[in-house]
Amino acid sequence: MNSASKWLVMAVLGLSGTVIYLLPFLRELYYEPLQQALKINNTQSGMLTAVFGMASLVTYPFGGWLADRVSPRLLISLSLVSTGLLGFVFSTFPSYPVALVIHALWGVTVTGMMWGALIKATREWAPPEQQGRAFGLLEAGRGVSEAALASILVAVFAKLGGDVPAFSKIIMIYATLHVALGIIAWRVISPGAPTRDDAQQSGFRDFADVAKMPAVWLIAIVVMTSYCAYWGAYYFTPYASEVFGMSVVVAGSIAAGKIWLKPVAAAFAGLVADRIGIWQSVSVGFLVLFISFAGFAALPGTASLVVLMIANIVLASIAIFAHRGIYFALLEECRISPLMTGTATGLISMIGFTPDIFMPLLGGALLDGYPGPTGYHIYFGVIAGLSIVGLLASLIIGRRSRRFAP
């Protein structure tokens, strides 16, 4: 593969890794239009995302196992096309039960087909000594495309009138983008390295072998604790407005600004990780997260500390996005066989992304139970403690990395 083709593959992987999540998470940008179109309340809106999350959690392991047996190119293309076709159905705003079924199916087409294949294709994109760069560039590409697409499509939505018919057109644009990108992915991504043959070993045996690897559980702890910090970043905006008295507009601007840190932090972290080591970079990131979230837990909401609070948001965001750019590069550092990449990714993801379930519940309970700064301080304090757990896991990976079985 020549240099231009190689970079085109990474661009397609990064864009695919962003586009595939646009439809299941429409409520993030179009919360009220979604409710109006489906004629649902807040609880029903939340249930749509919960159904998608539960379906994703169930399909992580199977999707990873599938990625070890089917070409990532085929899985990524099928994922995009099938998700887009379901999007066309959703653009008609069906009944609420049908909308729930579509979100459950999206859990299969997005997570079961895409995620393990995306990680495997990224690992195959670069040699072992450049895994940090590969995953850093993937997350950087996802960050740039996420910010750009969100900005463009929200502007288009407003231009179309900002009403329910306009929302239907936006969903059709999303769906068309999925299908088109699926076709492009098929043409651009190479068939990939050889995959496992079903005759080689049963699926249950694969899962058993992966579950016996200490490295897999340690990486899962790293991903889970880092992802808890990622959830903590969702609360930066209300923290700035409720604790420090910032206006909603200014606080929202801070939240929007940190999105643009993602591509820079992820790409830079990947380059640094290839130089000093993956586990070393992850360990430094956890140390930064501990210091930062401990700072959030201790900062009183006084006007004189606003600058310090903003600086701390920047620091935490850089560490969070840096982690997202490199923690799956630990697969190579822990010497997990490329033939087991998908299965290992499935198990790691099933555990690592459980904060999607418990972190919003914890945050809501703490903020309701301890109104004002106290709830935020406790929540951020918990994340600081979890960062220490992640730091210990990454240090153990470093100590044992040479003894992990290939």
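In straight-distance terms, cross-link reach from Lys169 covers every one of the lysines whose alpha-carbon lies under 28 Å from its own, apart from those fewer than eight places away in the same chain; here that gives Lys39, Lys159.
In terms of solvent-accessible area of protein heavy atoms at a 1.4 angstrom probe, what is the ranking of Val108, Val70, highest value first?
On the way: Val108 65, Val70 35 Å².
Descending accessible area places them as Val108, Val70.
When only the Cβ of Lys, Arg, Asp and Glu is charged (+1, +1, -1, -1), the dipole of the chain relative to its Cα centre reaches about 640 debye.
Hey, what number do you get for the chain at 222 nm if only DSSP H runs of n ≥ 4 count, each worth -39500 (n - 2.57), divided across all residues, to the nearest 500? So the helix-based figure for the chain works out to -25500 deg cm²/dmol.
In the chain, taking the dipole from charged Cβ atoms about the Cα centre, the farthest positive-side position among Ile336, Phe358, Gly369 is held by Ile336.
Give the shape of region 290-406 as rounded, prolate or oblate, defined through the alpha-carbon gyration tensor: a ≥ b ≥ c are the square roots of its eigenvalues, a/c under 1.5 means rounded, and otherwise the shape is prolate if a/b is larger than b/c and oblate if not.
Numbers: a/c = 2.85, a/b = 1.99, b/c = 1.43.
In terms of gyration-tensor shape, prolate.
What does the C-alpha gyration tensor say about the overall shape of the chain? Classify as rounded when a/c is under 1.5, otherwise prolate if a/b is larger than b/c, or oblate. Because a/c hits 1.5 or more and a/b fails to exceed b/c, the chain counts as oblate. When the chain is described by a simple charge dipole with +1 on each Lys and Arg Cβ and -1 on each Asp and Glu Cβ, the residue from Phe88, Gly143, Trp7 located farthest towards its positive end is Trp7.
Note on the chain: with a GNM built from Cα contacts shorter than 10 Å, the maximum mean-square fluctuation among Gly182, Gly369, Gly346 falls on Gly369. For the pair region 383-401 and region 121-136, the centres of their Cα atoms are 22 angstrom apart.
The values are calculated or read from the model by the stated rules, or taken from the named source; none is laboratory data. What you are looking at is a predicted structure, and each value in this text was computed from that prediction instead of being measured. All Cβ positions, glycine included, derive from the backbone under ideal geometry; neighbour counts span all protein chains shown. In case anyone asks, the SASA skips ligands and DNA or RNA and just uses the protein heavy atoms, side chains included. Shrake-Rupley method; radii C 1.70, N 1.55, O 1.52, S 1.80 Å.
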